[in-house]
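The values are calculated or read from the model by the stated rules, or taken from the named source; none is laboratory data. Keep in mind it's a predicted model, so treat the numbers as computed, not measured. Glycine gets a Cβ as well: all are built from the backbone with ideal geometry, and neighbour counts include every protein chain shown.
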Amino acid sequence: MNSFPDPITRVVSELSRLPGIGPKTAQRLTYFLLRAPSEQVAQLAASLGSLKSSVRLCHRCFNLSDRDPCHICSDARRDTTIICVVEEPLDVVAVERIAGYRGLYHVLHGAISPMEGIGPDELKLSELHTRVRDGAIAEVILATNPNLEGDATAMYVTKLLADTEVKITRLARGLPIGGDLEYADEVTLSNAFAGRN
């Protein structure tokens, strides 16, 4: 028998569906929200409500943005001849933290993973090919994660772009095998960019 009132049970249930949030953490968060000032809870609810309606994909790089094109693609100071290919939008955040990369991005929204049923058609790969073929792109930096799926995706991109004249480089292995870009520190990521081949 559930001893929580229905509104609490519903919030705990919804919060526990989030990644990394188990039932106990969901309960703690729910009780925190109950004790928080009404304005704080209202701001959180409003932010969550506008999240899906305000955020979209940039039509050029497929990064998450509140405008199209995104602030990176529309920045005239960026080097438009270099594209850094990443798996997820959080990887763009990780690369931007080093403040040494000034090119553009292309977000694939995943990596090739036959075990999870993710093939090339589920990713933004054809869009990358079109972008490289039709643009004045000199270099494509493959910044996929250093794991089996990331390596498979990087190999696929290399073959996909073989019919272009673009220089293809891969981040150096300063990153831990099996790690994700979003968790890499700035020094490791800077060294990986400097040592790409």
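Every condition in (1) exposed (fewer than 12 other Cβ atoms within 10 Å of the Cβ); (2) touching a strand residue (DSSP E or B) at 6+ places or on another chain (Cβ under 8 Å); (3) among the basic types (K, R) is met by R35 except one, and the failing one is (2). For the range 167-188, the count of residues that are among the aromatic types (F, W, Y) and modelled with pLDDT of 95 or more is zero. Scanning the range 55-93 for residues being surrounded by 19 or more Cβ atoms within 10 Å (Cβ to Cβ), part of a strand (DSSP E or B) and touching an Asp or Glu at 6+ places or on another chain (Cβ under 7 Å) gives a total of 1.
Find the helices (runs of 4 or more DSSP H) located wholly in the range 94-197 whose residues include 3 or more that are of a type in the set (A, V, I, L, M) and in contact with a strand residue (DSSP E or B) (Cβ under 9 Å, 6 or more places away or on another chain), and list them. Working first, answer last.
Working: elements: 125-134, 148-160, 186-194.
Qualifying helices (runs of 4 or more DSSP H): 148-160.
Looking only at residues of the range 102-115 that are at pLDDT 95 or above and surrounded by fewer than 20 Cβ atoms within 10 Å (Cβ to Cβ), we find that the one that is farthest from D75 (Cα to Cα) is S113.
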